[in-house]
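A quick write-up on the structure given underneath.
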Amino acid sequence: MKKMISEIIPTPPPHKRKRRIGTVLSFIVALAVLTYIGNWFAAAFWLEGKIEAWAEEERARGNEVTYGELHFEGFPFEMSVLARDLSYRRQRGRLEETVTLGEMRAVAKPWTPLDYTFTAETGVTARQRNLDTDTVVILEAAPRTQLETRFFGSGMLEHARLTALGGLLTSERIGDGRGPREAARFAAASLTLDQAEEVTDHTEAAAVVNLTATRVESPILAAMGTKAQHAALAMEMTLRGALAGMDSEDLALWRDSGGTLEIDRFTLAMDPVGLRLSATLALDRLLRPEGAGTLEVKGFDEAIQDLVEAGHLKQDAAEIAKLVLGAFSRTSAGDGTRIVSLPVAAQDGRVSAGPFTLFRIPAL
């Protein structure tokens, strides 16, 4: 019986079976390639639409956004959009802000369409003008400044990391014949922002900000009397409570709902002096910071002596300052230097550290 069936329906030769399998695999691969190509162009068109939609939203708010024709590149392994002659301008109250750059490239992978990397192929210039004081502050960042972003499915920003490989900060008063004056320059800086998608309570962390800057050079260092040629700083802050924007109305709403800003860690190293600050801040009725914290100063003996040698402090005043600060000091277990720990406070526009008033903050 089996022999009869095999004679009626013969078994296909092995080479024909392999040929059929190869045909099916070829069809699957071709379908996958076509699907990938379709998804790439669909994602590219979607990205172009998102850029244009963002520009239209900003223009509807009264801001100015201009850029040249968008060029799509990078096929097949990435979506790369190159834009030239970009300019963004907005006005916040009496502050006029402008950002310009020659070329910017936006890159995303087709399989991670919510992650984008923006790279400034040329230098970036950010300009802020105070219309009340007629002063201008300009930050020039070096080429290859990069912004890495990740978005929630809702379109809200989840994570951002801005990295600049060098920059220069200048300030100028309009009409001053001396022109712009250098305020600071840095070798490298990094700013990271992480946001929650939804905040329902003022105690919840809405955003966490980290900032680091290396080899910061500034005339302020010499003016302070320190012998340090450069400084390094690092900061970590946590914003609690929902903050919709930076306008006065947004800040007032955030304040009234119990929002706070926690400075988890702020360090400033200016050899041989080191500062460390932690504090919790809110806003008063005039939208000025108010709160309290702790400031630690390491190497204050050396700092006071530098002030004396620079002529900023007389010797008898220096001795009194050492005695007063000594009451708040402890000895470091690491190297035996004295560390001053002072309570800091911000109230009624006045910022103080221990018995000393540092500066005053004007109302917005």
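Nearest 20 debye, what's the magnitude of the dipole of the chain about its Cα centre given +1 on Lys and Arg Cβ and -1 on Asp and Glu Cβ?
Numbers: 41 positive and 49 negative charges, 345 e Å.
Once rounded to the nearest 20, the dipole reads 1660 debye.
Please identify which residues in segment 138-157 have an amide N closer than 18 Å to a label point set 7 Å out from the Cα of Ala188, following the Cα→Cβ vector.
Answer for this model: 141-148.
Within segment 119-146, whose backbone N sits under 13 Å from a point 7 Å along Cα→Cβ of Asp176?
Residues 130, 133-138 qualify, since their backbone N sits under 13 Å from the label point.
For a quick check, take a GNM of the chain with Cα springs below 10 Å and name the residue from Asp256, Asp194, Asp132 with the largest mean-square fluctuation.
Asp132
Using the Cα centre of the chain as origin and beta-carbon charges of +1 (Lys, Arg) and -1 (Asp, Glu), tell me which of Leu295, Leu191, Leu323 is placed farthest towards the positive end of the dipole.
Selected residue: Leu191.
Gln315 to Asn210: FRET efficiency via 1/(1 + (r/R0)^6), r the Cβ-Cβ distance, R0 51 Å, to the nearest 0.05? Please report the intermediate quantities before stating the final value.
Numbers: r = 41 Å, r/R0 = 0.81.
After rounding, the FRET efficiency stands at 0.80.
Quick check: pseudo-label points 7 Å beyond the Cα along Cα→Cβ at Asn63 and Thr133, how many nm apart are they?
Once both label points are built, they end up 2.4 nm from each other.
What is the dipole size for segment 119-175, taken about its Cα centre, with +1 at each Lys and Arg Cβ and -1 at each Asp and Glu Cβ, in debye to the nearest 20? Present the calculation step by step, with values, prior to reporting the outcome.
Details: 6 positive and 7 negative charges, 19 e Å.
In debye, rounded to 20, segment 119-175 gives about 100.
Taking chymotrypsin sites (Phe, Trp or Tyr not before Pro) that fall in a DSSP loop and have at most 13 other Cβ atoms within 10 Å as cut points, what is the longest piece of the chain between them?
Details: sites that count: Phe77, Trp111.
The reported range is 112-364.
Total Lys pairs in the chain closer than 18 Å by alpha-carbon, pairs eight or more apart in sequence or interchain only? Write out the running numbers ahead of the final one.
Numbers: Lys50/Lys109; Lys227/Lys298; Lys227/Lys314; Lys298/Lys322; Lys314/Lys322.
For the chain, the number of qualifying lysine pairs is 5.
Once neighbouring chains are kept in place and the probe is 1.4 Å, which whole percent of the accessible area of the chain is contributed by carbon and sulfur? It would help to have the intermediate numbers written out before the result.
Values: 13170 of 22070 Å².
The nonpolar share, carbon plus sulfur, comes to 60 percent.
For segment 117-166, run through the trypsin sites (Lys or Arg not before Pro) and keep only the ones in DSSP coil with at most 15 other Cβ atoms within 10 Å of their Cβ.
Working: sites: Arg127, Arg129, Arg144, Arg150, Arg161; in loops: Arg144.
Passing sites in segment 117-166 are Arg144.
Could you give the longest part of the chain that holds none of the GluC sites (Glu not before Pro) found in DSSP loops with at most 16 neighbouring Cβ atoms within 10 Å? Walk me through the numbers before you get to the answer.
Values: sites that count: Glu69, Glu78, Glu121, Glu197, Glu198, Glu204.
So the longest stretch without any such site is 205-364.
At most 13 other Cβ atoms within 10 Å and a DSSP loop assignment: could you name the trypsin sites (Lys or Arg not before Pro) in segment 83-119 that fit? Please report the intermediate quantities before stating the final value.
Values: sites: Arg84, Arg89, Arg90, Arg92, Arg94, Arg105; in loops: Arg94.
Counting only loop positions with at most 13 other Cβ atoms within 10 Å, the trypsin sites (Lys or Arg not before Pro) in segment 83-119 are Arg94.
Mind checking which of Gly93, Phe77, Trp46 is farthest towards the positive end of the chain's charge dipole, using Cβ charges of +1 (Lys, Arg) and -1 (Asp, Glu) about the Cα centre?
Phe77
With n ≥ 4 as the cut-off for DSSP H runs, can you work out [θ] at 222 nm for the chain, using -39500 (n - 2.57) per run divided by the number of residues, rounded to the nearest 500? Present the calculation step by step, with values, prior to reporting the outcome.
On the way: 6 runs with 90 residues, N = 364.
When only DSSP H runs of four or more count, the value is -8000 deg cm²/dmol.
Taking the solvent-accessible surface of protein heavy atoms with a 1.4 Å probe, what is the per residue accessible area of segment 274-321 in Å²? Let's see the in-between values first.
Details: 2560 Å² over 48 residues.
Using a 1.4 Å probe on heavy atoms only, each residue of segment 274-321 averages 53 Å².
Please state the equivalent ellipsoid semi-axes for segment 287-344: what are the square roots of 5 times the Cα gyration tensor eigenvalues, largest first, in whole Å? Working shown, then result.
Details: eigenvalues 100, 62, 21 Å².
Sorted largest first and rounded, they come to 22, 18, 10 Å.
When you take every Cα atom in the chain, what is the radius of gyration, and what is Dmax, the widest Cα pair distance, in Å?
In Å, with Rg to one decimal and Dmax whole: 29.6, 120.
On full extension of the chain, what length is gained from His202 through Thr122, given 0.36 nm per residue of separation minus the C-alpha to C-alpha distance?
Values: separation 80, 0.36 × 80 = 28.80 nm, distance 4.08 nm.
In short, 24.7 nm is gained.
Within segment 148-182, what residues put their amide N at less than 19 Å from the label point 7 Å along the Cα-to-Cβ vector of Lys50?
Counting backbone N atoms under 19 Å from the label point, the list is 148-163.
Leaving out ligands and nucleic acids, and using a 1.4 Å probe, what accessible area per residue does segment 59-133 come to in Å²?
Values: 4140 Å² over 75 residues.
With the other protein chains kept in place, segment 59-133 gives 55 Å² per residue.
Using a Gaussian network model of the chain with C-alpha springs under 10 Å, which one of Leu191, Leu131, Leu295 is most mobile by mean-square fluctuation?
Leu131
Considering only Ala164, Pro113, Val137, whose Cα is most displaced toward the positive end of the charge dipole of segment 44-187, charges sitting on Cβ of Lys, Arg (+1) and Asp, Glu (-1)?
Highest projection toward the positive end goes to Val137.
Starting from the Cα-Cα distance between Arg90 and Arg161, subtract it from 0.36 nm times their residue separation and give me the gain in nm to one decimal. Before the final figure, lay out each step's value.
Numbers: separation 71, 0.36 × 71 = 25.56 nm, distance 2.23 nm.
Result for the pair: 23.3 nm of gain on full extension.
For segment 83-205, what is the charge dipole size about the Cα centre, in debye to the nearest 20, if Lys and Arg each add +1 at the Cβ and Asp and Glu each add -1 at the Cβ? Write down the numbers at each step before the final one.
Numbers: 16 positive and 19 negative charges, 113 e Å.
In debye, rounded to 20, segment 83-205 gives about 540.
The values are calculated or read from the model by the stated rules, or taken from the named source; none is laboratory data. Nothing here was measured: the structure is a model prediction, and the numbers come from that model. Virtual Cβ from ideal backbone geometry, glycine too; neighbours counted across all protein chains shown. Areas reflect the complete protein model, heavy atoms only, side chains present, ligands, DNA and RNA absent. Shrake-Rupley method; radii C 1.70, N 1.55, O 1.52, S 1.80 Å.
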